[in-house]
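The values are calculated or read from the model by the stated rules, or taken from the named source; none is laboratory data. All values derive from a computational prediction rather than experimental measurement. Cβ atoms come from the backbone with ideal geometry, glycine included; neighbour counts cover every protein chain shown.
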Amino acid sequence: MEEPGPMTARATETETLDAADKRRPNAAIMFAAEGYDTSRPKLMGRHAAGEGFLKGFARHAGVERFWGLVPTENDGRHFSETLHQLKPGTPVSVAVYSRLEMLKEPGSLFLPGPGIADHAWMRRSKCNQRDFSISGITHTTASFGAMDSIAGLVTGPVQRWDALICSSVSVRKTVDRVVDAQMEFFRDRLGATGKPTLPELPVIPLGVDCDAFKLGGGVRRTWRDRLHIDERDLVLLFMGRLSFHAKAHPLPMYLAAEAAAKAIKGKVHLIQAGWFANDAIEQAFRSGAREFCPSVNAIFLDGRKKDVRNEIWAAADVFVSFSDNIQETFGLTPIEAMAAGLPCLVSDWDGYMDTVRDGEDGFRVRTWQPPAPLGEDLIYRQTSGADSYDRYCGNACQFVSVDPQDAAEALVRLAKNGDLREKLGSQARQRAREVFDWKVVIGQYQQLWGELDRIRKNAKESAPRGKGPAWPARLDPFDAFAHYPTNQLAPDTKVAAVAGADVKRLDAMRRQPASSYASSIFPDRNDCMAVLAHLATAKTASADDLAALAPAERQDSLRRGLAWLAKHGLVRLLPE
């Protein structure tokens, strides 16, 4: 596959979009409230990224109308309320999954995850495949769900006008590897020699609202006073989940902090702002700090609190994050630190390789891990159910080394040189604004959607919808299980009246608890009344004749509904 290049801005401003287009490229945002909520107790990077994207899109997209695709009515209300708050005056339209054809108007669907193949199957089932493009994004690639979504690109009906956005070059390489391995399997199993149609795989970073990190000296003094930190002291900051098995093992950070404390005259403080999943993890961090950096004042803050998350950057002199975990793909906190003007000391790992320029915005510390196949037992343990996903990630990170000596040397260098910290922090702030600000990133998204729209109008369609099922793995239940019943309800099936079947009995059956749970898919009440009235006179009629009693748009519902009426003793179906 094509080798991914370094992360570069596809458009530095949304205004650089094709001037001939009067309307800026738009997309319906697949919205489930959980994915955009940072107030939740178990705050993850994908929640922060989702919330940031939504705010950035509302602020910078400049579209005439916001579009959402929602799984539930409650999500639809939440989406509308959120967008009205973020951008008052811009109209909001919401589509539900049963009305996917509505997405033809915005022309694109954006998913906050990698599941574009499943949505391509839905599109194929409900719409013309050219009606709209689908774009998704990778937040983690280590989970079974993410891996299956990527492998599904080979067999799913994705089109050239779809895209899976990779948040880093490392992610793009993982996607390429999984796709290549899946294709190799199909060559071996089926003798397949052709190349499947694949989506675009652009590298576009996550974004940050740089304006939100303009924190003045007053905020710095307030936090340092609150934490009893002298202005002359050196403050190191880690922001993120405090998880040694699923985020970053703290040992190299503690050892580096201890080395810095011994190398300078002033006091060193290490602020770890995040949250612990349980008491055992908290005790591991606290005891580890006491054991491995006893000369450092270790401070733990709840990073889920808004004031901590938004302001604690101002108290710090250096940002430190030694991610060593395979569930990481981009790493949002380094670009937040850069936006705050902090020099960054990070591991040379996955997305951090793209964000922090070594020697320009901070330093990246060398990392090591074993080669394949030395980890086959780790993935097999999770596959077999012996280990959870968390345990799998934790086991893998035990064999990832963030060089402790390199980390210590880099931090000592920063600790001793305030001018260097200031220079690197200034360059980091400039890079954050030029490359990672949401104004820039949203422009890249819109440029991508514009490109997909042009491809959609001209490219050859892969696997056009034929006479067979649109989605073989999701057959209509009355197709997959057509052989289960004695008879099938056919157009010429005779339907007979039942004594005592009237409106009162119909309503009683619609209310009874054993069936009312499915009321949203019941045949229309008025159509049912029309059937009962017709049979009261005619006594029998064909299924097709009865279906014709309903308006055209409800005839299929009533045709199916005849089986519902028969189930509840309101009509009788007669065998030939």
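General observations
- Taking the listed residues TYR445, TYR389, the one that is hydroxyl-bearing (Ser, Thr, Tyr), at pLDDT 95 or above and farther than 17 Å from ALA142 by Cα is TYR445, with no other qualifying.
- Only one of the listed residues (GLU434, GLU376) is over 20 Å from ALA248 (Cα atoms), touching a residue at least 40 places away in the same chain (Cβ under 8 Å) and surrounded by fewer than 13 Cβ atoms within 10 Å (Cβ to Cβ). That residue is GLU434.
- Taken over the range 473-485, residues that are assigned to a loop (DSSP other than H, G, I, E, B), hydrophobic (A, V, I, L, M, F, W, C) and within 20 Å of HIS568 (Cβ to Cβ) amount to 0.
- Matching residues in the range 46-102 - criterion: being under 30 Å from PRO334 (Cα atoms), touching a residue at least 60 places away in the same chain (Cβ under 8 Å) and not in a helix (DSSP H, G or I): ALA61
For every residue, the table says whether it meets (1) part of a helix (DSSP H, G or I); (2) under 16 Å from PRO202 (Cα atoms); (3) touching a helix residue (DSSP H, G or I) at 6+ places or on another chain (Cβ under 7 Å).
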residue: TYR445; (1), (2), (3): yes, yes, no
residue: LYS457; (1), (2), (3): yes, no, no
residue: ALA463; (1), (2), (3): no, no, no
residue: GLY466; (1), (2), (3): no, no, no
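- Of the residues examined, VAL208 is one that is in contact (Cβ under 8 Å) with a residue 60 or more places away in the chain, surrounded by 19 or more Cβ atoms within 10 Å (Cβ to Cβ) and among the aliphatic types (A, V, I, L, M).
- ARG429 satisfies every condition listed in (1) surrounded by 16 or more Cβ atoms within 10 Å (Cβ to Cβ); (2) of a type outside the set (Val, Ile, Thr); (3) in contact (Cβ under 8 Å) with a residue 60 or more places away in the chain; (4) over 17 Å from VAL318 (Cα atoms) except (4).
- Search result, residues across the range 293-310 that are crowded, with 19+ Cβ neighbours inside 10 Å and part of a helix (DSSP H, G or I): ARG309
- Those helices (runs of 4 or more DSSP H) of the range 334-400 that lie entirely within it include none in which at least 1 residues are assigned by TED's automatic domain parsing to the domain that holds SER167 and among the polar types (S, T, N, Q).
- Matching option when the condition is among the hydrophobic types (A, V, I, L, M, F, W, C), assigned to a loop (DSSP other than H, G, I, E, B) and in contact (Cβ under 8 Å) with a residue 12 or more places away in the chain, among ALA142, ALA146, ALA151, ALA120: ALA142
- Test: ALA408 is touching a Cys at 6+ places or on another chain (Cβ under 7 Å), touching a residue at least 24 places away in the same chain (Cβ under 8 Å), assigned to a helix (DSSP H, G or I) and not polar (S, T, N, Q): no
- Subset of the range 177-190 [touching a residue at least 40 places away in the same chain (Cβ under 8 Å) and either hydroxyl-bearing (Ser, Thr, Tyr) or surrounded by 18 or more Cβ atoms within 10 Å (Cβ to Cβ) (or both)]: VAL179
- Enumerated helices (runs of 4 or more DSSP H) restricted to the range 486-563, each holding at least 2 residues that are among the acidic types (Asp, Glu) and within 21 Å of LEU574 (Cα to Cα): 543-547
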